[in-house]
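**Q** Right, I'll just put the structure down here and ask away after.
The values are calculated or read from the model by the stated rules, or taken from the named source; none is laboratory data. Since this is a predicted model, take the numbers as computed values, not measurements. All Cβ positions, glycine included, derive from the backbone under ideal geometry; neighbour counts span all protein chains shown. Only protein heavy atoms, including side chains, enter the accessible area calculation; ligands, DNA and RNA are left aside. Shrake-Rupley method; radii C 1.70, N 1.55, O 1.52, S 1.80 Å.
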Amino acid sequence: MPAAHSLPHRHFDALIIGAGGAGLNAALRLAAANLRVAVVSKVFPTRSHTVAAQGGVNAALANALPDNWHWHMFDTVKGSDYLGDQDAIETMCREAIPTVYELEHAGVPFSRLDNGKIYQRAFGGQSQNFGGEQAARTCAAADRTGHAILHTLYQQNLRAKTHFFDEYFAVDLIRDDEGVAIGALVLDIESGEPLIIEAKTTLLATGGYGQVFRTNTNAFINTGDGMAMALRAGVPLQDMEFYQFHPTGVAGKGMLITEGARGEGGYLVNGEGERFMERYAPKARDLASRDMVSRSIVTEIREGRGCGPNKDYVLLKVDHLGADVVHHRLPGITDICRVFLGIDPAKEPIPVFPTAHYAMGGIPTDRHARVVAPARHGPEEVVPGLYAAGECACVSVHGANRLGGNSLLDILVFGRAAGTDILSYVAEHPNHRPMRDAHIEPAIARLARWERQGEGERVADVKAELRRLMEDHCGVFRDQPTMAEGVEKLKALRERVEGVRLRDHSQTFNTARIEALELDNLVDVGMATMMSALHRDESRGAHSRVDFPERDDERWMKHSLYLREGDRMDYKPVRTKPLTVESFPPKPRVY
Amino acid sequence: MERQIQRLRWQCRRGMLELDLLLNRFLDQRYAELDSAGSADFERLLGYQDQILQDWLLGQAVPADPALSRLVAAIQDCMLEGPRTSSSDAGAER
């Protein structure tokens, strides 16, 4: 490993880590203002996970039905189970409208109504008039909204002369003695050469970490890299116990089987052929809430009533609906089953298991996307020069539970907000701060650790065990004994990572080394999730505890903060005061 | 060869889980058996956008190029067949 002083340095006004919707929207704002912008992405930018977002973007345009940003705000606060910060939510819902128009002008081909206006579809959790009739708020470009947005933003960035470091892996942030973010150590995956990028500002936009769970819907790249970098830089992670699971993923694979399958009349059966949801939810049965269905599936399996040789999944039956209904109303499921399972769902049941989908928690930021952490003067002191946006951040607009159509909105609005704030920060701080070898050395040490030779466990084995552990001990079934045992096992696994060795120490395209660095990140975000979940003894939004089934506003209407040093938990209040309107006080979340 | 597979492994990292599963499995199980024209086709396939690959690999569209069409079918077949050899580090986990 080269010494700190011998590494090449590049200089930029802004360094953006991650090339999904949040990173690219920030980059575009900056490059258009003629700042020198570097975007570092471990895969080619248009292969970022934003490409997989099919749903759409919420904005109260009122094109299909009456609507108002304030109604959107109400729905988002309620959906968050009152854990969302209402100043950030107001910002997001107001900014949604110009954000969609801006994207349209940039070239995103939104679907249209007959009158030429942007088409808007209805999604769950959307209401008119503060909890009244169904609203239609989601703007979409057919079923490939994420793809359209990502490609449009990438093309616009090329035109604006954003500098892309494609297939570079960010190893760690570099901060100076005063804690100011002054850049990052990155690795060229092709050559294996490290590079220092010095920047006046750094934006983390690295997306989610679904890969920490065995069964998940996320692309392989979603390994929580930015979140773990923040942790190692001494920044806590916020609300990590809130992770959205979908009840029906393809068992052992993770892909979503849409709720529509049960909406059309599909139902779940256990290994004894019993329609078990009748026991857990006699009225709603298979259409009970997501967390109820997810927990019921896992309970059946835990109690030995799963299906298959290992009794580790249940079956979703749609075969009674007839080939016509299955093939025409559920074409996506038909394709998935045919390609991944070799079955026709019109003839055979589908093996399913709850699948991890979306992180509500992440790097704490304010509504300007500035990273905030507890310090001398309070729980939300700005970390100078450091920003975060998108799924890796927790601003917090989703609180304990995200509404459909709000995640693309989050990345766009707060990506743009980061760009806006970076512009003024760079104007006020026009010079690079001095970077000394001592600032770089911790990052180099992390890289050097994987150069150790000799015998040891394999990355893939430890990673598989981590994913299994997280699923078993911090998945949809959560109680004190299960998670306390999980924390101990995870601590032991973290120790074992020290003994993992790479067999391949070559420089060029050593993807095993990248996977080892990703494993470090997964272990860190896994611990943040497990610790936060263990300590919150209430049920709220996506975090549901078998042993504490009720929401407890008196004790728990507060944000969790996990600090890596000493695996410590801290807490801070929810920002219940919006910017210009009255606050929405907590109420039972019933639909 | 090993370096070439590592390089391609990174090209098989895509924005969607479905593509990750299909492409990585094919790389682990079948890539080594391809002749030079076959491996060139695989590289060419990886150059397409995720959305197009998704349409092809999930069977919503068929590539006009017969070589790519055969390759897509081989990738789909590979998903449903059992493993032929012990797989590499990244493949072992999934």
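**Q** So in the range A:436-459, with the set limited to residues that are outside the structural domain of A:Leu534 (by TED's automatic domain parsing) and within 26 Å of the chain's Cα centre (by Cα), which one is surrounded by the most Cβ atoms within 10 Å (Cβ to Cβ)?
**A** That would be A:Ala443.
**Q** Being touching a Ser or Thr at 6+ places or on another chain (Cβ under 9 Å), at pLDDT below 95 and of a type in the set (Asp, Glu) is the filter here, so list the residues in the range A:227-268 that pass it.
**A** A:Glu259, the sole residue that qualifies.
**Q** Pick from the range A:336-352 the residues that are in contact with a helix residue (DSSP H, G or I) (Cβ under 7 Å, 6 or more places away or on another chain) and of a type outside the set (A, V, I, L, M): which of them is nearest to the other protein chains (Cβ to nearest Cβ)?
**A** Restricting to residues being in contact with a helix residue (DSSP H, G or I) (Cβ under 7 Å, 6 or more places away or on another chain) and of a type outside the set (A, V, I, L, M), the top hit is A:Gly342.
Each row is one residue, and each column tells you yes or no for (1) part of a loop (DSSP other than H, G, I, E, B); (2) within 23 Å of A:Thr529 (Cβ to Cβ).
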{"position": "A:Glu550", "(1), (2)": "yes, yes"}
{"position": "A:Arg555", "(1), (2)": "no, yes"}
{"position": "A:Ser560", "(1), (2)": "no, yes"}
{"position": "A:Gly566", "(1), (2)": "no, yes"}
{"position": "A:Asp570", "(1), (2)": "no, yes"}
{"position": "A:Thr576", "(1), (2)": "yes, no"}
{"position": "A:Thr580", "(1), (2)": "yes, no"}
{"position": "A:Pro585", "(1), (2)": "yes, no"}
{"position": "A:Pro588", "(1), (2)": "yes, no"}
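**Q** Moving on to the next point. Condition first: in contact (Cβ under 8 Å) with a residue 12 or more places away in the chain, open to solvent by 50 Å² or more (accessible area, probe 1.4 Å) and more than 15 Å from A:Pro586 (Cα to Cα). Now tell me which residues in the range A:540-559 satisfy that.
**A** Within the range A:540-559, A:Val546, A:Asp547 qualify.
**Q** Under the condition of being open to solvent by less than 10 Å² (accessible area, probe 1.4 Å), of a type in the set (A, V, I, L, M) and within 13 Å of chain B (Cβ to nearest Cβ), which residue from the range A:145-183 is farthest from B:Asp50 (Cα to Cα)?
**A** Top of the filtered list is A:Ile149.
**Q** Considering only the range B:55-94, state which residues are at pLDDT 95 or above, part of a helix (DSSP H, G or I) and acidic (Asp, Glu).
**A** Result: B:Asp55, B:Asp77.
**Q** Within the range A:483-519, take every residue that is away from every other protein chain (no Cβ under 14 Å) and either under 23 Å from the mean Cα position of the chain (by Cα) or in a loop (DSSP other than H, G, I, E, B) (or both) and give me the one that is farthest from A:Met569 (Cα to Cα).
**A** Of all residues in the range A:483-519, those away from every other protein chain (no Cβ under 14 Å) come to A:483-499.
Pick out the ones that are also either under 23 Å from the mean Cα position of the chain (by Cα) or in a loop (DSSP other than H, G, I, E, B) (or both) and you get A:483, A:486-487, A:490, A:494, A:498-499.
Working: A:Met483: 15, A:Gly486: 17, A:Val487: 13, A:Leu490: 16, A:Arg494: 18, A:Glu498: 24, A:Gly499: 27 Å.
Here the answer is A:Gly499.
**Q** Please work out which residue is nearest to the chain's Cα centre (by Cα), limiting yourself to the range A:460-482 and to residues that are surrounded by fewer than 21 Cβ atoms within 10 Å (Cβ to Cβ) and more than 14 Å from chain B (Cβ to nearest Cβ).
**A** Step by step, filter the range A:460-482, then rank; the result is A:Asp472.
**Q** Let me ask something else. Limited to the range B:5-46, what total is found for residues that are facing chain A (nearest Cβ under 10 Å) and free of Cβ contacts under 8 Å to residues at least 12 places away in the same chain?
**A** The total comes to 6.
**Q** Given (1) more than 23 Å from A:Pro588 (Cα to Cα); (2) more than 23 Å from the chain's Cα centre (by Cα); (3) among the polar types (S, T, N, Q), where does A:Gln128 come up short, assuming only one miss?
**A** Status for A:Gln128: all satisfied but (1).
**Q** Can you tell me which residue is farthest from A:Asp479 (Cα to Cα) among those in the range A:569-591 that are more than 22 Å from the chain's Cα centre (by Cα) and of a type in the set (D, E, K, R)?
**A** A:Glu582
**Q** Separate question: Looking at (1) of a type outside the set (A, V, I, L, M, F, W, C); (2) surrounded by fewer than 24 Cβ atoms within 10 Å (Cβ to Cβ); (3) more than 14 Å from chain B (Cβ to nearest Cβ), which is the only condition A:Tyr243 fails?
**A** (2)
**Q** Just to be sure I understand the filter: pairs with C-beta atoms under 6 Å, separated by 6 or more residues or on different chains, first member in the range B:54-71 and more than 14 Å from chain A (Cβ to nearest Cβ), second member surrounded by fewer than 17 Cβ atoms within 10 Å (Cβ to Cβ). Which pairs pass?
**A** B:Pro63/B:Ser69; B:Ser69/B:Val62
**Q** Which residue pairs have Cβ atoms closer than 6 Å, lie 6 or more positions apart in sequence or on different chains, and pair a first residue in the range A:1-20 that is of a type in the set (Lys, Arg) with a second residue that is crowded, with 22+ Cβ neighbours inside 10 Å?
**A** From residues that are of a type in the set (Lys, Arg), the pairs are A:Arg10/A:Ile197.
**Q** In the range A:299-400, which strands (runs of 3 or more DSSP E) lie fully inside it and hold 1 or more residues that are within 18 Å of A:Met255 (Cβ to Cβ)?
**A** Qualifying strands (runs of 3 or more DSSP E): A:314-317, A:350-359.
**Q** Separate question: List pairs: first residue in the range A:244-262 and basic (Lys, Arg), second residue modelled with pLDDT of 95 or more anywhere in the structure, Cβ distance under 7 angstrom, at least six positions apart or on different chains.
**A** The qualifying pairs are A:Lys253/A:Phe340; A:Lys253/B:Leu21.
**Q** Kindly list the number of the only condition in (1) open to solvent by less than 30 Å² (accessible area, probe 1.4 Å); (2) at positive phi; (3) at pLDDT 95 or above that fails for A:Asn34.
**A** Condition (1) is where A:Asn34 drops out.
**Q** Output the number of the condition that A:Ile257 fails; it satisfies all remaining conditions of (1) over 23 Å from A:Tyr425 (Cβ atoms); (2) open to solvent by 10 Å² or more (accessible area, probe 1.4 Å).
**A** It fails just one condition, (2).
**Q** Looking at (1) surrounded by fewer than 20 Cβ atoms within 10 Å (Cβ to Cβ); (2) touching a Gly at 6+ places or on another chain (Cβ under 8 Å), which one does A:Val525 not meet, given that it meets all the others?
**A** Unmet for A:Val525, out of (1) surrounded by fewer than 20 Cβ atoms within 10 Å (Cβ to Cβ); (2) touching a Gly at 6+ places or on another chain (Cβ under 8 Å): (1).
**Q** Let me ask something else. Of the numbered conditions (1) within 18 Å of A:Ile336 (Cα to Cα); (2) in contact with a Gly (Cβ under 7 Å, 6 or more places away or on another chain), A:Lys253 fails exactly one; give the number of that condition.
**A** (2)
**Q** Take the residues of the range A:320-375 that are of a type in the set (D, E, K, R) and farther than 26 Å from A:Ala389 by Cβ: which is least open to solvent (accessible area, probe 1.4 Å)?
**A** The extreme case among them is A:Asp335.
**Q** Report yes if some residue within the range A:191-210 is within 13 Å of another protein chain (Cβ to nearest Cβ) and touching a strand residue (DSSP E or B) at 6+ places or on another chain (Cβ under 6 Å); otherwise report no.
**A** yes
**Q** Does the range B:1-29 hold any residues that are outside any helix (DSSP H, G or I) and at pLDDT below 95, and which are they?
**A** Residues of the range B:1-29 outside any helix (DSSP H, G or I): B:1, B:12-16.
Passing the criteria: only B:Met1.
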